[in-house]
Structure formats: structure tokens, C-alpha cells
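Some notes on the structure that comes next.
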Amino acid sequence: ELKVEQNPLFLSMQEGKNYTIYCNYSTTSDRLYWYRQDPGKSLESLFVLLSNGAVKQEGRLMASLDTKARLSTLHITAAVHDLSATYFCAVAHPFMEYGNKLVFGAGTILRVKS
Amino acid sequence: DGGITQSPKYLFRKEGQNVTLSCEQNLNHDAMYWYRQDPGQGLRLIYYSQIVNDFQKGDIAEGYSVSREKKESFPLTVTSAQKNPTAFYLCASSIFTLSNTGELFFGEGSRLTVL
């Protein structure tokens with residue numbers, strides 16, 4: 001059974017600081033996704049990571065995937081208040097016969113303080 | 001504009017009533033999904049459908065039913081058998097091919113409250 005764990009679940013950061021959110025998963029998969037959710041809103045796609053060693057960057061966020069370690073990281077550089085949100089990683093079930101069935105982590109609530 | 005439309009945005013239900021949440025997409029996506037989100041938790045898969053007239057149970061299908069009569073539409077019925085239906089429900093869709101990223105695109109969500 002595919003399980004996805006994120007840590008930390010809550011992160012309070014000072015503006016300008018760096019930090020990393022970790023996403024571990026339990027079975028083989030080569031497709032991992034990061035989403036952002038603002039309070040009361042839907043999910044917005046941030047990154048799609050499709051192979052071992054994949055690295056994607058957008059602004060102050062950078063995501064990477066190590067399929068051998070079953071680990072993805074979301075690194076935040078010089079945090080700003082606008083990054084405050086909940087961040088989810090989601091891992092695709094390895095067998096396409098199930099469609100793109102994603103299993104989500106519990107989410108990391110990020111609060112950036114000025 | 002292409003996208004996924006969910007309605008209603010807010011819904012109140014009395015215990016014992018069935019309610020149906022609508023999900024329509026004009027992205028020409030093959031696959032559609034329903035997820036449930038409880039406060040402070042991740043998303044859990046209720047049902048998904050890869051093609052018209054076919055759908056599969058997700059991890060928490062008990063007390064829910066779906067239909068997929070048209071490619072664009074995937075309504076979810078929350079039945080009276082669902083013991084704790086108060087939650088935020090999210091519909092999503094994706095292209096379903098091995099050569100695609102498989103990224104899910106989400107609607108704005110429907111918030112169901114049982115009175």
C-alpha cells in the first residue's frame with residue numbers, strides 16, 4: 001500500500017530564512033507532484049517531477065526527486081509572506097491501470113512571519 | 001476558458017438526506033476524480049473514472065456513489081449511509097496517457113455541512 005509522509009506538518013518561518021519540506025513515500029513510483037492550497041481554496045499545481053534526479057524551480061521554491069530514496073524535497077529560499085499556505089506532496093500509484101491515482105501527504109502548513 | 005466547475009460551492013444537508021455535488025470539465029480530459037478533505041488533513045480519494053461509463057472505488061468510497069455518463073461530467077452523490085459527510089469535496093481531472101505528466105487539475109471545491 002502506498003503511503004506518503006510529509007514533515008514537518010507545521011512550519012513557522014521568519015522572512016528571509018531558508019527551509020526544506022520533506023516528502024517520503026513507501027513504494028516505488030516515478031511521478032510526484034507538489035501542490036499549494038490557500039485557506040478555503042482549491043489546490044494549485046506547483047511542480048511535476050517525473051524522473052529520478054528531477055529538479056524544478058519557480059521563484060523562491062525548488063523541488064527535487066530521489067526515486068531511489070523515495071524522497072522529494074521542497075526547498076524555500078528567502079521566504080516571503082506570500083508563501084504562507086499549505087503545501088502538499090502527492091505520489092502517483094505505480095500502476096497505470098489505476099489511472100493517475102494520487103496519494104496525498106497530510107500537508108505542511110507554512111506561516112512566514114515578518 | 002477551460003476549467004473545472006463544481007457546484008454548489010456551499011451546501012447544507014440534514015441528516016438522512018442524499019445530496020449530489022456537480023463536477024463539469026471542458027478540458028477534454030479522460031480521467032476524473034473525487035477527493036475529500038477534512039480540516040488539517042490531506043486529500044483522500046473517493047472515486048475515480050478513466051473513461052465514460054466506467055469508474056472505480058477509491059480509498060473511502062463507502063456512503064458515496066458516482067456516475068460517468070458523459071466525458072465532461074462526474075457527479076458525486078453523498079448518501080445517508082455516509083456517517084460523517086461534513087467535509088470539503090474536490091473534483092479533479094487529468095489526461096490519461098502514459099506519455100502525459102498525469103497532472104491533476106482541481107475545481108474550486110464544494111463545502112458540505114451536515115446540520
Practice prompt. Consider a paramagnetic label point 7 Å from the Cα of A:Asn52 along Cα→Cβ; state which residues of the range A:1-26 have an amide N under 17 Å from it.
Written response: A:25-26
Practice prompt. For the protein assembly as shown, give the magnitude of the charge dipole about the Cα centre (Cβ charges: +1 Lys/Arg, -1 Asp/Glu; no others), in debye to the nearest 20.
Written response: 460
Worksheet item: Rounded to the nearest 10 Å², what accessible area does A:Tyr22 show when all protein chains are kept and the probe is 1.4 Å?
Response: 90
Worksheet item: Cα-Cα pairs above 31 Å in the protein assembly as shown: how many percent?
Response: 22
Discussion item. Run the paramagnetic zone check for A:Lys68: 7 angstrom along Cα to Cβ, then residues of the range A:1-30 with backbone nitrogen under 19 Å.
Written reply: A:23-30
Worksheet item: How big is D for chain B, in µm² s⁻¹ as a whole number, if Stokes-Einstein is applied with the Kirkwood radius of its Cα pairs at 25 °C and 0.890 mPa s?
Response: 173
Item to complete: Pop a pseudo-label 7 angstrom from the Cα along the beta-carbon direction at both A:Glu44 and A:Asn18 and give the gap in nm to one decimal.
Response: 2.4
Item to complete: Calculate the dipole size of chain A relative to its Cα centre from +1 charges on Lys and Arg beta carbons and -1 charges on Asp and Glu beta carbons; express the result in debye to the nearest 20.
Response: 160
Fill in: At R0 = 25 Å, FRET efficiency that the Cβ-Cβ distance of A:Asp82 and B:Glu108 yields, to 0.05
0.75
Discussion item. Beyond a 28 Å Cα-Cα separation, which of these cross-linked pairs lie in this structure: A:Lys3/A:Lys113; B:Lys9/B:Lys70; A:Lys17/A:Lys101; A:Lys3/A:Lys41; A:Lys41/B:Lys57; A:Lys3/A:Lys56?
Written reply: A:Lys3/A:Lys113; A:Lys17/A:Lys101
Worksheet item: Considering the dipole of chain A built from charges on the beta carbon (Lys and Arg +1, Asp and Glu -1) around the Cα centre, which of A:Tyr19, A:Leu65, A:Gly107 is farthest to its positive end?
Response: A:Tyr19
Worksheet, complete the sentence: Amide H proximity to B:Leu21 below 5 Å, modelled H, separation 5+ or other chain, gives B:Leu76, B:Thr77, B:Val78
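The values are calculated or read from the model by the stated rules, or taken from the named source; none is laboratory data. What you see is a predicted model; the values in this text were computed from it and never measured. Cβ coordinates were reconstructed from backbone atoms using ideal geometry, including for glycine residues, and neighbour counts include every protein chain displayed. SASA here: full protein model, heavy atoms, side chains in, ligands and nucleic acids out. Shrake-Rupley method; radii C 1.70, N 1.55, O 1.52, S 1.80 Å.
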